[in-house]
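K.L.:
Mind looking over this structure? Questions follow.
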Amino acid sequence: MPDERSKKVDVKPDKTVFKSLALGGLLGGGGECVVDVKDGKAVRIRPMHYDWKYDSSKFNAWKIKRNGKTLEPLMKALPGTFSLAYKKRTFSSNRIKYPLIRVDWDPNGERNPQNRGKSKYRRASWDEATTIIANEVRRMHKEYGPLSILAQGDGHGEDDIIMLGDLEADPEHLGRLGRVPWLAAAVSGVPTTTRGTRLADNILFDRRATVEYTGRSGVLDLIRELDLTPQEALEVSEHLPVWAEFSSYENGQSSHVN
């Protein structure tokens, strides 16, 4: 008997919505998605296929032929698994649907920090919650300055801060960013551009908080790994992919993810 979970669901949506932005960009999204909606509820999320409307022959996309194989971009988006499963998060029975405030926390009086994680919560209106947040931001600005507030998108109790991308500087020349305490760079001493002229791309993180970093990192050399000519590699990108290995558990206790 086939697994019940593997059965194909026949969905005839009332409408289909195209999302041009990531459904979960922070955690691996970024690809365009097609969302089928029925009775006002998202019932299926799929990658967007570009040949739905466009002719691939008119794209003039890059194409590399080597050793009898052809490398070329797919005619569909590649959204992360987090994006494809986003409806499970949206309609989860565990989702917090309204603001909650600790019953013994008074923004204008006693805050009882010793009871964090112990005391109960009460439901609050969105107006009350947003007013408290706005007042706290003003208080922090006034007492400690605008740089006292960290804007961080995260979840599941994580405290890691990771920045990655084309920084156009090696770890020794990051300017003010390089003076941030405990800042670590995963890549150093090797070029990250296809021409091999400079180190421009990197993965930065806080050494104190990101204990999941295993110490393994590097640069994927497209020319060597795919047996390309320098010109063929440049047609793909002027930058080489950089990577770092992090454990999927705190303190590097178990499996690893790149």
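K.L.:
Suppose we filter P79, P107, P113 for residues that are touching an Asp or Glu at 6+ places or on another chain (Cβ under 9 Å) and modelled with pLDDT of 90 or more; which single one remains?
P.N.:
Of the residues listed, the single one that is touching an Asp or Glu at 6+ places or on another chain (Cβ under 9 Å) and modelled with pLDDT of 90 or more is P107.
K.L.:
Restricting to the range 174-185, and then to whatever is assigned to a loop (DSSP other than H, G, I, E, B) and aliphatic (A, V, I, L, M), can you tell me which residue is farthest from T214 (Cα to Cα)?
P.N.:
So, considering only residues that are assigned to a loop (DSSP other than H, G, I, E, B) and aliphatic (A, V, I, L, M), the one farthest from T214 (Cα to Cα) is L174.
K.L.:
I'd like the full set of residues that are crowded, with 17+ Cβ neighbours inside 10 Å and either part of a loop (DSSP other than H, G, I, E, B) or without any contact (Cβ under 8 Å) to a residue 12 or more places away in the chain (or both), limited to the range 186-210.
P.N.:
A186, V187, P191, T192, T194, L199, A200, T210 - these are the residues of the range 186-210 that are crowded, with 17+ Cβ neighbours inside 10 Å and either part of a loop (DSSP other than H, G, I, E, B) or without any contact (Cβ under 8 Å) to a residue 12 or more places away in the chain (or both).
K.L.:
Where residues in the range 75-119 are small (G, A, S) and either in a loop (DSSP other than H, G, I, E, B) or not assigned by TED's automatic domain parsing to the domain that holds N60 (or both), which of them is farthest from the chain's Cα centre (by Cα)?
P.N.:
Filtering first and then ranking leaves G109.
K.L.:
Could you count how many residues in the range 177-201 are under 20 Å from P241 (Cβ atoms) and either modelled with pLDDT under 85 or in contact with a Gly (Cβ under 8 Å, 6 or more places away or on another chain) (or both)?
P.N.:
The qualifying residues number 4.
K.L.:
Taking the condition of being modelled with pLDDT of 85 or more and either in contact with a Pro (Cβ under 8 Å, 6 or more places away or on another chain) or among the charged types (D, E, K, R) (or both), how many residues in the range 241-251 meet it?
P.N.:
Qualifying residue count for the region: 1.
The values are calculated or read from the model by the stated rules, or taken from the named source; none is laboratory data. Just so you know, these numbers come straight off a predicted model, no measurement behind them. Here the Cβ is made from the backbone with ideal geometry for all residues, glycine too, and neighbour counts use every protein chain on show.
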